[in-house]
Amino acid sequence: MDINEEIKSAMPELMERIKRNTLASIEKQAVAAATQVAVKAATDWALENLVPEIKAQLEAGKSDMVVAAKKTSQQIGDALADALTAQVVKTLSSSHTVSSIAQNLFRGY
């Protein structure tokens, strides 16, 4: 067989492969386009329906959340004050202990 005959005999298989690849590419593009449309539709629906409801629920509970935030901040402040007081007492106690030991060590000198 010469080269022309080889090309002619390979042509049907080549055309079939091109057709399969083209169809696969079109399918991928169609899926991507459909996905974009679906995501946009879902986003638009959520913005239109869910966001107002979420805002309304937050507004309805706003005063309770403010009260809870004030209470929590007071508790945090109280806990910090207690912790700082305990640390100062411990530091002063340790300082007094060190001072007593030093006085006892150097008493005779």
I'd like to know if region 75-98 contains one or more residues that are assigned to a helix (DSSP H, G or I) and surrounded by fewer than 10 Cβ atoms within 10 Å (Cβ to Cβ). no
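Yes or no, residue by residue, for (1) touching a residue at least 24 places away in the same chain (Cβ under 8 Å); (2) of a type in the set (Asp, Glu); (3) surrounded by 10 or more Cβ atoms within 10 Å (Cβ to Cβ):
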| residue | (1), (2), (3) |
| --- | --- |
| ILE3 | no, no, no |
| MET15 | no, no, yes |
| ALA24 | no, no, yes |
| TRP45 | no, no, yes |
| GLU53 | no, yes, no |
| LYS70 | no, no, yes |
| SER100 | no, no, yes |
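No value in this document is a laboratory result; all are computed from the given coordinates. Because the structure is a prediction, the values reported are computed rather than measured. With ideal geometry, Cβ positions are generated from the backbone for all residues, glycine too; neighbour counts draw on all protein chains shown.
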